[in-house]
Amino acid sequence: MRKNEIEVLVNWGDTDKAGIVYYPNYFKWFDIAGHQFFRSCGLSPTNLEKERQIILPMLDARCTFEKTLLYEDLITIRTTVLEINDKTIKLKHEVFNGEIRTGNGYELRGWVKQTGESIKAVPIPDDVRTILQSNVEKESAVLATTKYNA
């Protein structure tokens, strides 16, 4: 399955008074990593909406917090397609500070057609399945790495 990774600098606004990352930021980073993942494989959410009238709403998200992150840590978020169902895509996210995994979880997104005021989950087309199921070589994943200062 396809993979991508991004780097994120932990900013002061991501932390509490003690400089420790406030847990909801993991979900913000999952969202950022998910959008970047789709961009990295040519499925930009903006283009999907313009060209196919498809939006990718979040249906479920989970996270297990394993280690503390601090202000100015440079983290890497590794995103992998965990599963593709008829109308949903589940992305696995792992957050690393260097080689130490600090948290992991997933987000489940719907493949939803938006027509005027109406939205409806529709089957994921074969061309998109092919993109998401493809294995990306290590060099491609490294080229797709993006620094993002949230």
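A compact table of results
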quantity: Region 54-77 residues that are of a type in the set (Phe, Trp, Tyr), paired with ones that are not in a strand (DSSP E or B) (beta carbon under 9 Å, 6 or more apart); calculated: PHE65/TYR23; PHE65/TYR26; TYR71/VAL10; TYR71/ASN11; TYR71/TRP12; TYR71/ASP14; TYR71/GLY19
quantity: Any pair with Cβ under 7 angstrom, 6 or more apart, that starts in region 17-33 at a residue that is among the basic types (Lys, Arg) and ends at one that is modelled with pLDDT under 95 and not in a helix (DSSP H, G or I); calculated: LYS28/ALA150
quantity: Residue match in region 108-121 (condition: polar (S, T, N, Q), part of a strand (DSSP E or B), closer than 17 Å to LYS28 by Cβ and in contact with a strand residue (DSSP E or B) (Cβ under 6 Å, 6 or more places away or on another chain)); calculated: no
quantity: Residue that is farthest from the chain's Cα centre (by Cα), among those in region 1-28 that are among the aliphatic types (A, V, I, L, M) and either in a loop (DSSP other than H, G, I, E, B) or over 30 Å from LEU43 (Cα atoms) (or both); calculated: ALA18
quantity: Test set (1) out of contact with any strand residue (DSSP E or B) (no Cβ under 6 Å at 6 or more places or on another chain); (2) among the small types (Gly, Ala, Ser); (3) more than 25 Å from ASP126 (Cβ to Cβ); (4) surrounded by 14 or more Cβ atoms within 10 Å (Cβ to Cβ) - ALA33 fails condition number; calculated: (1)
quantity: Count - residues of region 28-71 that are of a type in the set (Lys, Arg) and within 28 Å of THR15 (Cα to Cα); calculated: 4
quantity: Top-ranked residue in region 79-113 [being buried (at least 17 other Cβ atoms within 10 Å of the Cβ) and among the hydroxyl-bearing types (Ser, Thr, Tyr); ranked as nearest to GLU66 (Cα to Cα)]; calculated: THR102
quantity: Members of region 67-89 that are of a type in the set (S, T, N, Q) and farther than 21 Å from ASP16 by Cβ; calculated: THR76, THR79, THR80, ASN85, THR88
quantity: So THR46, is it at pLDDT 95 or above, within 16 Å of the chain's Cα centre (by Cα), assigned to a helix (DSSP H, G or I) and of a type in the set (Ser, Thr, Tyr); calculated: yes
quantity: So LEU43, is it touching a residue at least 60 places away in the same chain (Cβ under 8 Å), within 21 Å of LEU108 (Cβ to Cβ), loosely packed, with under 15 Cβ neighbours inside 10 Å and among the hydrophobic types (A, V, I, L, M, F, W, C); calculated: no
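The values are calculated or read from the model by the stated rules, or taken from the named source; none is laboratory data. Keep in mind that what you see is a predicted model, and the values were worked out from it rather than measured. A quick note on method: Cβ atoms are made from the backbone with ideal geometry, for glycine too, and the neighbour counts reach across all protein chains shown.
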